[in-house]
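Here the structure is laid out as structure tokens; the discussion comes afterwards.
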Amino acid sequence: MAVPDEGFTVNVGGHLIEDPGSGLTKVFEHVGKELLHGAVSAEMPVWDHEKQEHHRVRRPRPGPVLLRRPEGTARGAEPVTDPVSAYFAAVNAEDWAALAELWEPDAELVATGARPRHGREEILAYYPRVLAGYAEHEDRPVRQIKDGSTVVVEVAFAGRTTAGRPVAFDAVDVFDLAGPRIRRLSTWYDTAAVRRQVRGE
């Protein structure tokens, strides 16, 4: 809301204000006034309304510093800085909750031989279904090529079906990233060769 640049007084309530020159100083300059800076105190004077006097609050002794966890970070987890490595760790561990955090809400998954999946819900439903036939599995990244927000990964898959048949093949995953999340992923491999291994042919 626009208001006239006059007739106003800044009431700081007796608290110390430290301004490096980019905050209140700029506001005062805008209205043609000058903000005078006093000496910087090592302690904060606080006004006690009941006693009508100032007293000082000592700085706390050194101790652990509590930081606000970034939005979207799982309890106790570090913020994701490498979504590609986090993706393979989550898939190999079948940690679907961790996998869900890695996708943009409107992300797309294009898997070879399957229809495209759109959005987190469809994407997350795909992985448990496609891996249900494996008693064990591992997607091992062996090489990465990065170009801007696109990461191409050569993958060596090794697993064993619930029927005890070994399955091994090479694949290529192409990630399009949006910051710490996956915007689009396409996977490429020889589906016919994989089917033959799964059937024991």
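None of the figures in this text is laboratory data; all of them are computed from the coordinates on show. As the structure is a prediction and not an experimental result, all values here were calculated from the model. Counting neighbours? That spans all protein chains shown, and the Cβs are built from the backbone with ideal geometry, glycine included.
Miscellaneous remarks
- No other residue among THR191, THR187 is surrounded by 15 or more Cβ atoms within 10 Å (Cβ to Cβ), of a type outside the set (D, E, K, R) and within 30 Å of PRO105 (Cα to Cα) apart from THR187.
- Residue, nearest to GLU108 (Cα to Cα), within segment 154-176, restricted to residues that are among the aliphatic types (A, V, I, L, M) and surrounded by fewer than 16 Cβ atoms within 10 Å (Cβ to Cβ): VAL174
- No other residue among ALA90, ALA107 is in a helix (DSSP H, G or I) and either out of contact with any Phe, Trp or Tyr (no Cβ under 6 Å at 6 or more places or on another chain) or farther than 30 Å from GLY200 by Cα (or both) apart from ALA90.
- Segment 114-130, residues that are touching a residue at least 24 places away in the same chain (Cβ under 8 Å) and surrounded by 13 or more Cβ atoms within 10 Å (Cβ to Cβ): LEU124, TYR127
- Qualifying positions in segment 142-176 - within 15 Å of VAL84 (Cα to Cα) and among the acidic types (Asp, Glu): ASP147, GLU154, ASP173, ASP176
- Here is the figure for segment 79-110: residues that are under 18 Å from VAL152 (Cβ atoms) and not hydroxyl-bearing (Ser, Thr, Tyr) total 11.
- Residue in segment 144-151 that is over 28 Å from GLU201 (Cβ atoms), among the β-branched types (Val, Ile, Thr) and within 20 Å of the chain's Cα centre (by Cα) present: yes
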